[in-house]
Amino acid sequence: MKARKIVLTSGKGGVGKTTATVNIGAALAKRGHRVILVDTDIGLRNLDLVLGLEKRIVFDLVEVIEGRCQVRQALIKDKRFESLAILPAAQTRNKDSITEAQMARLIDELADMADYVLIDCPAGIEGGFRNAIAGADEAIVVTTPEVSAIRDADRVIGKLAERSIPMRLIINRIRPDMVRSGDMLSIDDVCEILSIELLGIIPDDEEIIDTTNRGEPLVLGEGYRLRGIYEKIVRRLEGDLIPFTNLDAPGFFGRLIGALKAG
Amino acid sequence: MTFNDVFNNLNRLFGREKSGETAKERLRLVLMSDHLSLAPDMVEAMKRDLVEVVSRYVEVDRDKIDVRFEHQDSVFAMLANVPIISVNRTPSPPAGPPRRRRRKKRLAQQNGQAPPQSTINPAPAT
Amino acid sequence: MLPLRQPFDVAHDDAQANAAQTSGAPLTLGRAIVVTSGKGGVGKTTTTANLGVALAKRGAKVALVDADVGLRNLDILMGLESRVRHHVLDVLEEKVELNEALVRDKNFPNLFLLAAAQSREKDEVDTESMRDLIEELREQFDYVLIDCPAGIEMGFTNAVVGAQEAIVVCTPEVSAVRDVDRVVGLLGNAFSPQLIINRVRPHLVHKGKMLSVEDVNSILRLPLLGVIADEPDVIVSTNKGEPLALRTDTATAKAYHTIAARIAGEDVPAPMVEYKETFMDKLGSLLGGRR
């Protein structure tokens, strides 16, 4: 059986594509799926760094495409998970070193070896973007509730629609306190503007900075607040109907802090 | 003065500016403009003209008109939600834009004639 | 606030007047500075907008150029999106004159925006024409700030081609530092890059959960222009289209004004952010370090 080939894209950089790719990938692997993560950001690779696998890179995606090594030689298995592997991007090459057709063939080859192939797309809508979406048959659009990120996401949604790639939305870095005070676009606002199906809502949480520094996906650790959120996203990907957490309602701790701040 | 400026100024006037709401309105307009490759003030002008045409036949609630552009499958569509207050019984004929009609009317009056099409604006049906 | 009037005509006339003024005087070219980073979402566009405002506030004639063809956002951050009629490609393809495409800022008569094309591709920009365009702008303006797109593809090449100087924006994150390092390598010995470290959260640095300014710069080893804290104000200012540097009273606004002064050659220390333990931090640690 062939893997699902899903590209994570956003248009704007820095909205959390790579972090989402890593955590969704790790959560899928934890649920027993065989997962391959592909970094297509040739020249500015980072997926290896976020997973803490940067020291183990021997071959890269361009070398595979150029036939200098076998796919299996270039894949780096995550020690924490035998079913999770990454294919790193080349760091010292250009994005035009490969073509869309080559990329599509490579993703197809990887799809024979896994249940999920997650493709981490570079920022922008240039050649790197076109290559990244070439092999995908589904897309996850990642955005943040900011005007510029939403405008860029809208551009990307238009491009994916032209190719009839089905897509779903992750809204990252929501700050419930700012939404409540009216200083941040709400989930409803973003969904209404972009009008594609929602896959996940991820609050802005400082623990993500810490885990990225250490190269540890937070879904592998204990006691992280975002872990449950990623697990839900993954279950929705698998086809389960999971209701969305209402981030707008303050919890006890939030109410306490709010009261103290107001006082 | 564009719609955005009016919106921002009004908000400032009432001293309660929710920047999330401002963001939403700005995004709506700028995305329409992006999709149509038309400057935002041209999009506004198009909406105005559209409403102008519709209101020649029916009386519309101008404050509640909502025109937006959306991707539907792979097609780009314009969706207009124009609440109708009442239907005119005798609609005005689809003549040219109103400015030209007014000029004709003025010319006719200058010539000492009764203005033609004096029933141009029939009373709205109640 | 300036009286409201037709922005396009005003922009046109003023820019032409500027050109007329400079044509008589001996020609001194302005400084073209590219704002770049490699990684997206680190605050390049926010930096460009705020430094543009801060330099304009000092009385300099400033042009902001959005080089992110296809994904333009500088117009949104400046709150000028509804006034953009023409863009960089219109000028490069000689559909309109440069001065017709310049959009004048709402607050400063000496600040202009040249928007990127939104429905075009980055590889449609001719690199040599872009170089000429920036030089033409340097004849009219004291500063030409070029907002570079993310990545290191054609958009990057076209953004840096006309610049003599570079400001690199980095956040205290491993991936951003790595990308900046790569970009600085690509810039080579030219552009004398200077560093702005953006989105620093002092309390996280204090707790050792975020790279410090010293950590970042021990890796990058670049002259530091300044450090900007991560504040929710940035989102609000983007929502409204009002750059933070329009004000002078907030810490972030002051930091941008100081950086602008440093760019202008004033001998003032680089703005830094410092950790101050707040009541909430104390309470947080009391309640078991949840915050």
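Here are the numbers for this structure:
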{"item": "Residue within the stretch C:205-221 that is part of a loop (DSSP other than H, G, I, E, B), within 14 Å of another protein chain (Cβ to nearest Cβ) and crowded, with 19+ Cβ neighbours inside 10 Å present", "result": "yes"}
{"item": "Flag if A:Leu49 is more than 14 Å from chain C (Cβ to nearest Cβ) and not β-branched (Val, Ile, Thr)", "result": "no"}
{"item": "Any hit, the stretch C:109-128, residues being at positive phi, touching a helix residue (DSSP H, G or I) at 6+ places or on another chain (Cβ under 8 Å) and not hydroxyl-bearing (Ser, Thr, Tyr)", "result": "no"}
{"item": "Evaluation of A:Val142 against (1) within 17 Å of C:Gly40 (Cβ to Cβ); (2) modelled with pLDDT under 95; (3) not aromatic (Phe, Trp, Tyr) (one fails), failing number", "result": "(2)"}
{"item": "Number of the condition not met by A:Asn172 [criteria: (1) within 13 Å of chain B (Cβ to nearest Cβ); (2) under 14 Å from the mean Cα position of the chain (by Cα); (3) of a type outside the set (Lys, Arg)]", "result": "(1)"}
{"item": "Condition check for B:Leu38: in a loop (DSSP other than H, G, I, E, B) and either at the interface with chain A (Cβ under 9 Å from one of its Cβ atoms) or of a type outside the set (Gly, Ala, Ser) (or both)", "result": "yes"}
{"item": "Every pair of residues 6+ apart whose Cβ atoms lie under 7 Å, when the first sits in the stretch A:205-228 and is away from every other protein chain (no Cβ under 12 Å) while the second is of a type in the set (Asp, Glu) and assigned to a loop (DSSP other than H, G, I, E, B)", "result": "A:Leu226/A:Asp205"}
{"item": "Spans of strands (runs of 3 or more DSSP E) in the stretch C:133-201 with at least 1 residues surrounded by fewer than 24 Cβ atoms within 10 Å (Cβ to Cβ) and touching a Lys or Arg at 6+ places or on another chain (Cβ under 9 Å)", "result": "C:165-170, C:194-200"}
{"item": "Scope the stretch A:131-164; condition more than 10 Å from every other protein chain (Cβ to nearest Cβ) and free of Cβ contacts under 8 Å to residues at least 40 places away in the same chain; matching residues", "result": "A:Ala134"}
{"item": "Qualifying residue in the stretch A:99-121 (condition: of a type outside the set (Ser, Thr, Tyr), within 14 Å of chain C (Cβ to nearest Cβ) and in contact (Cβ under 8 Å) with a residue 12 or more places away in the chain)", "result": "yes"}
{"item": "Per-region count, the stretch C:189-200, residues at pLDDT below 95 and either within 16 Å of C:Cys170 (Cα to Cα) or under 21 Å from the mean Cα position of the chain (by Cα) (or both)", "result": "1"}
{"item": "Search result, residues across the stretch A:52-63 that are in contact with a strand residue (DSSP E or B) (Cβ under 9 Å, 6 or more places away or on another chain), over 15 Å from A:Asp78 (Cβ atoms) and either part of a helix (DSSP H, G or I) or within 10 Å of chain C (Cβ to nearest Cβ) (or both)", "result": "A:Leu61"}
{"item": "Hits in the stretch C:104-122 - residues which are within 14 Å of chain B (Cβ to nearest Cβ) and under 16 Å from the mean Cα position of the chain (by Cα)", "result": "C:Asp105, C:Leu113, C:Ala115, C:Ala116"}
{"item": "Test: residue in the stretch A:126-133 that is of a type outside the set (Ser, Thr, Tyr) and surrounded by fewer than 22 Cβ atoms within 10 Å (Cβ to Cβ)", "result": "yes"}
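Here is a yes/no grid of residues against (1) among the β-branched types (Val, Ile, Thr); (2) in contact with a helix residue (DSSP H, G or I) (Cβ under 8 Å, 6 or more places away or on another chain):
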{"site": "C:Gly185", "(1), (2)": "no, no"}
{"site": "C:Met210", "(1), (2)": "no, yes"}
{"site": "C:Val216", "(1), (2)": "yes, yes"}
{"site": "C:Ile228", "(1), (2)": "yes, yes"}
{"site": "C:Thr248", "(1), (2)": "yes, yes"}
{"site": "C:Lys254", "(1), (2)": "no, no"}
{"site": "C:Arg262", "(1), (2)": "no, no"}
{"site": "C:Val273", "(1), (2)": "yes, yes"}
{"site": "C:Lys282", "(1), (2)": "no, no"}
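The values are calculated or read from the model by the stated rules, or taken from the named source; none is laboratory data. Being a predicted model, the structure only gives us computed values, none of them experimental. When we count neighbours, we look across all protein chains shown, and the Cβ atoms used for this are built from the backbone with ideal geometry, even at glycine.
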